[in-house]
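Values quoted throughout were computed directly from the atomic coordinates according to the rules given, and no laboratory measurement underlies them. For clarity, every value in this text was computed on a predicted model and none was experimentally measured. Note that we place each Cβ from the backbone using ideal geometry, even for glycine, and neighbour counts take in every protein chain shown.
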């Protein structure tokens, strides 16, 4: 990336400024942002959307992010962005620290400086001094090039090297780990990097914080990685190439539970035996209601499990996702309910049957959205693998409530 040329274009072409800035990758935006004048920075910040601003701030160290937000004149927006940055940072830190139930957020060190590799020793020393005056502690000094972390600067380089030399020439590599890493990977890396530090990274490669292996190992002790899975309440999920015996062991209990829940759904149908004996046509549409509910729930389950896997969602922050899945279920239910209502009306010559089917379809797809989102999150919170356990309870919910809605409405409206 030609930093000098891009900085020049953004500075001296105000009409194209935002287009040029937005054309850069987020990491590159932060790298360029450091070289812009205060006036140009202010111009860019005012025009960035909140989501774009958060992405940019994520690339900075906390002190730099705070200083960047300080220039915003809109106090209400500034406070909103600060709260959002802190909330997202805390959520990601807590997700990483799930490797041990007693791992507090204080285990992560957020006292670091993130300097451009093109910074000279003199300016680096000035930045450290300014940071110390504001924080009262000397920071870890990390270095990035074009927004990507490349390592750290040892204190010795800042002391013995001449002021005009660039920090990128004295970078020592630093081990990194994603905050979404599996517990096994986290434990293994701690053991491999004793007496060292790890930079915890976000999905986009930006730095979340620093953790010291010795601090983590002091908390873990001599426990094995397998113990960490159990102690943290996280099940070791089944893999594609596990043995037959392993697959049976992971699944048979859930299948037995499924057998019980299947009888529960059957008992609901049994409650409407009289209705079915008088309206045999209902039996034709029962698989339609159950099948649509099951398929809709499976779609929701797939999205939520993927979100759980990448650390995007947990039970704590799930309310917006659940409400949106319910909303999607309502709209999809209305669309499919209208179709099945028209089919039943013309095929069976009964408008009321079509109405019952349409309403039942809406109810069942709303139920599918709600339980399809909630159950895998609840199973994950309980330390169970949502991929193998959630489907049983979701299918039960859609069958039970779907049959209740369909047969209950039929009893009220058609008899």
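Odds and ends about this structure:
- Once the convex hull of all Cα atoms in segment 323-397 is built, its volume per residue stands at 80 Å³.
- Using the Stokes-Einstein relation with a Kirkwood hydrodynamic radius computed over Cα pairs, the translational diffusion coefficient of segment 244-414 at 20 °C and a viscosity of 1.002 mPa s comes to 128 µm²/s.
- Legend: calculated FRET efficiency, residue 413 to residue 264, from the Cβ-Cβ distance at R0 = 35 Å, rounded to 0.05, equals 0.90.
- Directionally averaged projected area (segment 96-189, Cα convex hull): 7.1 nm².
- Placing R0 at 30 angstrom, the Cβ-Cβ distance between residue 4 and residue 176 gives a FRET efficiency of 0.60 after rounding to 0.05.
- Counting only Cα atoms, segment 1-133 measures 53, 36, 28 Å along its principal axes, largest extent leading.
- Here the label points at residue 130 and residue 381, each 7 Å from Cα along the C-beta direction, are separated by 4.4 nm in the simple model.
- Under the criterion of Cα pairs below 8 Å and six or more residues apart, the relative contact order for the chain equals 13 percent.
- Taken along its principal axes, the alpha carbon cloud of segment 77-129 reaches lengths of 43, 32, 18 Å, longest axis first.
- Placing dummy labels 7 Å off each Cα toward the beta-carbon, the span from residue 42 to residue 66 is 2.2 nm.
- Our estimate of slack between residue 339 and residue 74, defined as 0.36 nm per intervening residue step minus the Cα-Cα distance, is 90.4 nm.
- Based on Cα contacts under 8 Å between residues 6+ apart, segment 244-414 shows a relative contact order of 35 percent.
- Spin-label zone in segment 75-99 - amide nitrogen under 11 Å from a point set 7 Å from the Cα of residue 316 along the C-beta vector: 87-98
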